[in-house]
Amino acid sequence: MVRIFTEEIINAVCLHTAQRRGVQPSDVEVQLSWEEEYGYTAEMWVQGRSQYLMEANLLEAIEQYMYSQYNKRAFRSDIRLGLDEDAGEFFADIAD
């Protein structure tokens with residue numbers, strides 16, 4: 001199993017968004033959150049515009065990130081998001 005943490009999850013969203021929108025990854029800002037009603041979400045800002053991402057969007061970005069950065073093919077069913085509340089750290093476990 002591979003575990004990535006908050007910074008890499010944010011990088012995954014930035015890289016995925018940059019590729020889809022034709023901007024630089026540094027043009028994308030992301031803030032992860034967990035809410036009882038919606039689960040894992042993120043607020044993203046690109047060129048001054050805000051957008052909310054649901055868990056499916058995060059999983060898609062992580063899938064692409066794992067392939068491009070780790071050369072590992074991962075599927076949504078292989079990824080489990082989590083939050084270590086004591087450390088204030090988000091993580092994603094990716095099954096082998």
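The values are calculated or read from the model by the stated rules, or taken from the named source; none is laboratory data. Remember, predicted model here, so these are calculated numbers, not experimental data. Here Cβ is always computed from backbone atoms with ideal geometry, including for glycine, and neighbour counts include all displayed protein chains. Ligands, DNA and RNA are excluded from the accessible area calculation, which covers all protein heavy atoms including side chains. Shrake-Rupley method; radii C 1.70, N 1.55, O 1.52, S 1.80 Å.
Under 5 Å from the amide H of residue 74 lie the amide H atoms of 67, each residue being 5 or more positions distant or on a separate chain, with H modelled from the backbone and absent for Pro and chain starts. Annotation note: trypsin sites (Lys or Arg not before Pro) in region 1-78 located in DSSP loop regions with a Cβ neighbour count of at most 11 within 10 Å are 73. Per residue, the chain exposes an accessible area of 64 Å² to a 1.4 Å probe, with every protein chain left in place.
Per atom type, region 6-47 shows carbon and sulfur on 41% of its accessible surface, probed at 1.4 Å. Loop-resident GluC sites (Glu not before Pro) (DSSP state other than H, G, I, E or B) in region 9-96 with no more than 16 further Cβ atoms inside 10 Å of their Cβ: 36, 37, 85. Every helix of 4 or more DSSP H residues in the chain counts as -39500 (n - 2.57), and over all residues that averages to -11000 deg cm²/dmol at 222 nm. Of all segments of the chain bounded by chymotrypsin sites (Phe, Trp or Tyr not before Pro) found in a DSSP loop with no more than 14 other C-beta atoms within 10 Å, the longest spans 1-37.
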